[in-house]
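> First the structure, which I've put down as structure tokens, then a few questions once you've had a look.
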Amino acid sequence: MTLEREGIEREVAAAADSLIASVWPVTARREWLRDRAFPVRLWEQAADSGWFDLLIPEAEGGLGRSAIEACAVTEATGRHLVPGPFVDTIVLSPAVRRLSGAGSGPAILCLLHAAGTRGRAANGHAGVRGGAVFAQRLAGEWAVSADHLVVDAGESVVVVDASDERVHRTPLDGRDAFRQPCLVDIDGAPIVGVIADGRAAPELRAAVRRLALVMTASELLGVAHRMLEMSLEYAMNRHQFGRSIGSFQAVQHRLADMTVTVESMRSVCYLAQVAARDDDAEADTLAIVAKAHTSAGAREVAEAALQVHGGIGFTADCDLSLYLLRALSLQSAWGDDRAWCRALGRSTLATAAASAEAGSTPPNGERIHGRARRPGEAIMQLRPSTDGAGGEPT
Amino acid sequence: MDLPATEEQRRFRLDVRAWLTDAVPRHLPQALDERFQALRTWQRTLYDAGWIGWGWPSEYGGRGGSVVEQLVVYQELARARAPMPAGLVALEVVGPTIAHYATPDQGRRFVPPLLRGDEIWSQGFSEPDSGSDLASLSTRAVEDGESFVITGQKVWTSWAQYSQWCAVLARTDPEAKRHDGISYLLVDLSSPGVEVRPLVQLTGDAEFSEIFFDSVRVPRSNLLGALNEGWKVAMATLSFERAPALLRRLTEIRVAFEELTREMCDALSPEDLDLIAERVGRCRVLIEAMEARGYRIVDRIRRGERGPEDSVDKLFLTRTEQAVFALALDVLPDRTAFAPDDALTGRRWLHDYLFSRAASIYGGTSEIQRNIVAGRLLGLGRD
């Protein structure tokens, strides 16, 4: 079947895909699942391949690539279920590598965010006092394995050494094998470096979030695409009533609907990637749209894939279970579709109310050819509500 | 990414937009007969102003250029909330097929009046017993000297009651395998033996009709393409139709969604608006995602590609359209009765909701589209 990328997009994606296929084959993945230790060798090979240098400018010794290449990597990590804080490390490496105290080589980075509100427990918070970082109830993926933790302390965004004795890391249990959730409290750890403060802090926050949303959306695309492929293979090979189940129209139509969803996810990711690369005025909105659409889409594809697989899909022996749980955890990461759709809906209605008051502003029917730059849609001021487990940076 | 618009096309868009500012007819008659006449006049106005005929050969009265310019015009019409020209079936469906398969004589005869709106066209494909299974059609055309004699019945023929011409699929070789014995004929609906009966739809409009053919004579020169190769011509029609129509419809849906959200802000309290914000956001996501598909549709049109990808897009557009207009219906205070002073124009949204339910039926049902995706894109067969 042809669900393929085009041009340079295809080359970058193919390179990432073949690298992972060679260093992280299914056999290695199964082996890894036994103890789930941080995959150090895989990480070193990713570093050697330049993944963490992708977004570092060439003048600073990096590869000077864009969101498109970064997303090609995460689409591949999603497709092959590669564990590790790739999004955090790729997005934050350019800022962290500039700090003199952070070492010159590639480090494992983890961005901490406030742990979601559970019942009456307080939200997490972080602050800086006297050159030291204090924080309670922060959370981060793979914080337990990271070299450096990036803490958003409001006025500034700072880096602390993860191994400092004043950093207390509590790994959490989870059902998605490929993430390692971790709670973090920090009791006066020294600042290794300041990534951004003053006016630069919100700019950094927005840039990080935009990239992280598009990269996570692309990872969801990789996860969903693989589930579609697995379902297709299964439908062709599984026989009942003397025929492959893929020859039954009921199954075919389900697979067709999955294809429609995956293809729409691909288009929206691609457009959001290009917008992010070009720093388009709508890049933030499109990043949100991409995350919302892929979050809902991957969930839908996962549920349909389970139905196509039947009982075998419900066993841990079948890799589908790994993908399904991965889709669920990525759905929550960086805000789920419910939170982002609510934010997007509020912003759409606010824009509509403003234009209704201003009289008849022409509707925007022009965007297929030449994207309109629409001022005033202040989506970045909106945050997904925090009543879900969405991992939003504080 | 290869953005679909060149600088020239951007300027072209601004020219269309500027022209439309004053030219949009503000008051169209309500009654269908007068309304259709006004839309014919509108098509002639558009043609004379140079906005129709893009992507059509100049020897047939077209303007050269590409279909992208024509799409720009349709998008700007939607944006300006201007009506579409009367002969849309000809411009989007029948006409491109004629221009592609016509002999030079046929092209010079049929294309210019079709572009100007002087002659309105309809398409006679479906029959009472041949809907999704189009190739089972039983309307006969028997060769008799220099004529064909057609007998049979067509249905769901849009705007047949206003059409001079109908593109009819008829069986010319009953002995051949079912796809092989069909021909594509251009039939003058004023011929003796033609009867058109409009059907009133769920929306209350009488957009489509039944057509009865009782020994209707059609000159042999009105055969489009080769004898018994009408199925190939018809399949080309369906793919000509698909992609540009999808893009036009997408623009219409985006415009309608923006109007809907404005009306909702007038009609609903802030609390009610907030309750429905997530659904508004989900519709917005679908529209943006469909627009992202749109970039690829334009690329495919440019490269002249047609195929099962069009079915993926039709299925996704249908999802989008039905979600948007279901939202519109669900915010109406009463879904089928309307107060004159309602801030939400209930009558319009009920109409659009009903029409959106047809999206999964017309132009190939969603089930047929899924068959195409499964069979041709995924390679799943019947075993």
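> So which residue, out of A:172, A:204, A:344, gets the largest mean-square fluctuation from a GNM of chain A using Cα contacts under 10 Å as springs?
A:172
> While we're here: Could you order B:362, B:184, B:47 by accessible surface area, starting with the largest, using a probe radius of 1.4 Å?
Values: B:362 90, B:184 0, B:47 30 Å².
If we order B:362, B:184, B:47 from most to least accessible, we get B:362, B:47, B:184.
> Enumerate the calculated ³J(HN,Hα) couplings along segment B:197-211 in order (Karplus 6.51 cos²θ - 1.76 cosθ + 1.60, θ = phi - 60°), each rounded to whole Hz, writing x wherever the residue is Gly or Pro.
10, x, 10, 7, 8, 3, 6, x, 6, 10, 7, 10, 9, 9, 10
> Could you work out the percent of alpha carbon pairs in the protein assembly as shown separated by over 37 Å, rounded to a whole number? Intermediate results must be reported in sequence, preceding the final value.
Working: 144520 of 301476 pairs.
Looking at the protein assembly as shown, the distances longer than 37 Å represent 48 percent of pairs.
> A further question follows. Once you've got the GNM for chain A with C-alpha springs shorter than 10 Å, pick whichever of A:228, A:306, A:149 has the biggest mean-square fluctuation.
In the Gaussian network model the winner is A:306.
> With +1 assigned to the C-beta of every Lys and Arg and -1 to the C-beta of every Asp and Glu, and no other charges, what is the dipole magnitude of the protein assembly as shown about the Cα centre in debye, to the nearest 20? The partial results should precede the final answer.
Values: 86 positive and 105 negative charges, 70 e Å.
That gives a dipole near 340 debye.
> Now a separate question. If I take R0 = 51 Å and measure r between the Cβ atoms of residue B:337 and residue A:100 in this structure, what FRET efficiency does the formula 1/(1 + (r/R0)^6) give, to the nearest 0.05?
Numbers: r = 72 Å, r/R0 = 1.42.
For R0 = 51 Å, the calculated efficiency reads 0.10.
> Using a 1.4 Å probe on the protein heavy atoms only, what accessible surface does residue B:154 show? Give it in Å² to the nearest 10.
For residue B:154, solvent-accessible area is about 0 Å².
> Find the lysine pairs in the protein assembly as shown meeting two conditions, Cα atoms under 29 Å apart and a separation of 8 or more places or different chains, and report how many there are.
6
> So what is the orientation-averaged projected area of segment B:1-96, using the convex hull of its C-alpha atoms, in nm²? If you can, show how the numbers build up before the last one.
Values: hull surface 27.6 nm².
The orientation-averaged projected area of the Cα hull of segment B:1-96 comes to 6.9 nm².
> Hey, another quick one. At what distance in angstrom do the alpha carbon centres of segment B:284-299 and segment B:347-378 lie from each other?
Measuring centre to centre over Cα atoms gives 17 Å.
> Additional query: At a threshold of 8 angstrom on Cα-Cα distance, excluding pairs fewer than six apart, so keeping six or more, what relative contact order does segment B:277-352 reach in percent? All intermediate terms of the calculation are to be shown ahead of the outcome.
Numbers: 33 pairs, mean separation 21.4, N = 76.
Rounded, it is 28 percent for segment B:277-352.
> Counting alpha carbon pairs within less than 8 Å and at least 6 residues apart, what relative contact order, in whole percent, applies to segment A:190-316? Present the calculation step by step, with values, prior to reporting the outcome.
Details: 118 pairs, mean separation 43.5, N = 127.
Relative contact order, segment A:190-316: 34 percent.
> Please list, short to long, the whole-number percent of alpha-carbon pairs of segment A:152-288 in consecutive 5 angstrom bins beginning at zero.
2, 9, 11, 11, 12, 13, 12, 10, 7, 5, 4, 3, 1, 0
> Over chain A, one equal point on each Cα, no solvent: what is log10 I(q)/I(0) by the Debye formula at q = 0.06, 0.13, 0.14 Å⁻¹?
-0.24, -1.12, -1.29
> Using only Cα atoms, tell me the angle between helix B:104-116 and the longest principal axis of chain B; keep it within 0 to 90° and round to the nearest 10.
30 degrees
> Give me the dipole magnitude in Debye, nearest 20, for chain B about the Cα centre, with unit charges on the beta carbon: positive for Lys and Arg, negative for Asp and Glu. Walk me through the intermediate numbers first.
Numbers: 46 positive and 56 negative charges, 143 e Å.
About 680 debye.
> Return the loop-located trypsin sites (Lys or Arg not before Pro) in segment A:14-91 (DSSP other than H, G, I, E, B) with at most 16 other Cβ atoms within 10 Å of their own Cβ; answer none if there are none.
On the way: sites: A:29, A:30, A:34, A:36, A:41, A:65, A:79; in loops: A:36, A:65.
Here the sparse-neighbourhood loop sites are A:36.
> Here is a further query. Suppose the chain between residue B:45 and residue B:143 were pulled fully straight at 0.36 nm per residue; how much longer would it get relative to their current alpha carbon spacing?
On the way: separation 98, 0.36 × 98 = 35.28 nm, distance 4.04 nm.
This chain segment gains 31.2 nm when fully extended.
> Same structure, new question: Can you compute 3J(HN,Hα) from phi for each residue in segment B:143-153, using the Karplus curve 6.51 cos²θ - 1.76 cosθ + 1.60 with θ = phi - 60°, rounded to whole Hz and x for Gly and Pro?
Result, rounded to whole Hz: 6, 8, x, 8, 10, 10, 10, 9, 9, x, 9.
> If you don't mind, there's one more thing I want to ask. Over all directions, how big on average is the projection of the convex hull of the alpha-carbon atoms in segment A:36-77, in square nanometres?
Numbers: hull surface 13.0 nm².
The Cα convex hull of segment A:36-77, projected and averaged over all directions, gives 3.2 nm².
> Separate question: Show me the trypsin sites (Lys or Arg not before Pro) within segment B:1-67 that DSSP assigns to loop and that have at most 14 other Cβ atoms within 10 Å of their Cβ. Don't skip to the answer; put the middle values down first.
Values: sites: B:10, B:11, B:13, B:17, B:26, B:35, B:40, B:44, B:63; in loops: B:26, B:63.
Filter output for segment B:1-67: B:26.
> Next question, about the same structure. Just need the relative contact order of segment A:258-361 here, percent rounded to a whole number, with Cα pairs under 8 Å and 6+ apart. Can you show the working numbers first?
Working: 75 pairs, mean separation 25.8, N = 104.
With pairs under 8 Å counted, the relative contact order is 25 percent.
> From largest accessible area down, sort B:268, B:14; use a 1.4 Å probe on the protein chains.
These residues rank, largest area first, as B:14, B:268.
> Given chain B, what percent of its DSSP beta bridges are antiparallel, to the nearest 5? Don't jump to the answer; show the numbers that get you there.
Details: 31 of 37 bridges.
Roughly 85 percent of the DSSP beta bridges within chain B come out antiparallel.
> HN-Hα J couplings of segment B:80-87 from phi, Karplus 6.51/-1.76/1.60, θ = phi - 60°, integer Hz, Gly and Pro as x?
Values per residue, Gly and Pro as x: 7, 6, 8, x, 7, x, 4, x Hz.
> Tell me which of B:212, B:227, B:182 sits at the most positive position along the dipole axis of chain B, charges placed on C-beta atoms (Lys, Arg +1; Asp, Glu -1).
Farthest towards the positive pole: B:227.
> Another question about this same structure. Pick out, from A:248, B:366, A:100, the residue whose Cα sits farthest towards the positive end of the charge dipole of the protein assembly as shown, with +1 on the Cβ of Lys and Arg and -1 on the Cβ of Asp and Glu.
Toward the positive end, the furthest listed residue is A:248.
> Could you report the accessible area of residue A:63 in Å², rounded to 10, computed with a 1.4 Å probe on the protein chains as they sit in the structure?
Roll a 1.4 Å probe over it and residue A:63 shows about 80 Å².
> Once the whole set of protein chains is in place, how much accessible area is left on residue A:43, using a 1.4 Å probe, in Å² to the nearest 10?
20 Å²
> Residue A:193's amide H: which non-local residues (gap 5+, or another chain) put their own amide H closer than 5 Å, with H modeled 1.01 Å from N in plane and none for Pro or chain starts?
The list, which skips near neighbours in sequence, is A:159.
> On to the next question. On alpha-carbon atoms, Rg over Rh for segment B:166-316 using Kirkwood Rh?
Reported Rg/Rh, Kirkwood definition of Rh: 1.13.
> How far apart, in nm, are the 7 Å Cα→Cβ label points at residue B:382 and residue B:33?
My value for the distance between the label points is 4.8 nm.
> Modelling each spin label as a point 7 Å along the Cα-to-Cβ direction, I'd like the residue A:316/residue A:197 distance in nm, to one decimal.
4.8 nm
> Can you give me the long-range amide H partners of residue B:148? Hydrogens built in the peptide plane at 1.01 Å from N, cutoff under 5 Å, separation of 5 or more residues or another chain.
Result for residue B:148 returns B:218, B:220.
> Between residue B:100 and residue A:239, what FRET efficiency follows from the Cβ-Cβ distance if R0 is 45 Å, with the result rounded to 0.05? Spell out each step's value before the answer.
Details: r = 44 Å, r/R0 = 0.97.
For R0 = 45 Å, the calculated efficiency reads 0.55.
> Here's a follow-up. So in chain A, what percent of DSSP beta bridges are antiparallel if you round to the nearest 5? Walk me through the numbers on the way to the answer.
Details: 29 of 32 bridges.
That works out to approximately 90 percent antiparallel.
> Using 0.36 nm per residue of separation minus the Cα-Cα distance, give me the extension gain between residue B:361 and residue B:177 in nm, one decimal. All intermediate terms of the calculation are to be shown ahead of the outcome.
On the way: separation 184, 0.36 × 184 = 66.24 nm, distance 2.69 nm.
Residue separation times 0.36 nm, minus the Cα-Cα distance, leaves 63.5 nm.
> Follow-up. Using a 1.4 angstrom probe with every protein chain in place, what is the largest-first accessible-area order of B:275, B:39? Don't skip to the answer; put the middle values down first.
Working: B:275 145, B:39 25 Å².
Sorted by accessible area, descending: B:275, B:39.
> Also, quick follow-up: Would you mind telling me which residue in B:137, B:32, B:329 has the biggest mean-square fluctuation in a Gaussian network model of chain B, where springs connect alpha carbons within a distance under 10 angstrom?
B:32
> Please give me, ordered by residue number, the trypsin sites (Lys or Arg not before Pro) of segment A:163-241 that lie in loop per DSSP and have at most 16 other Cβ atoms within 10 Å.
Loop-located and lightly packed - A:166, A:175, A:199, A:238.
> Ok, one more. Using the eigenvalues of the Cα gyration tensor, what equivalent ellipsoid semi-axes result for segment B:193-282 when each is taken as the square root of five times the eigenvalue, whole Å, largest first?
Working: eigenvalues 417, 78, 16 Å².
The answer is 46, 20, 9 Å, longest axis first.
> Note down the nm distance, to one decimal, between modelled labels 7 Å out along Cα→Cβ at residue B:18 and at residue A:30.
For residue B:18 paired with residue A:30, the spin-label model returns 6.9 nm.
The values are calculated or read from the model by the stated rules, or taken from the named source; none is laboratory data. The structure displayed is predicted, hence computed values, not measured ones. Positions of Cβ are generated from backbone atoms using ideal geometry, with glycine treated the same way; all protein chains shown enter the neighbour counts. Keep in mind that these areas ignore ligands, DNA and RNA; they rest on the heavy atoms of the full protein, side chains included. Shrake-Rupley method; radii C 1.70, N 1.55, O 1.52, S 1.80 Å.
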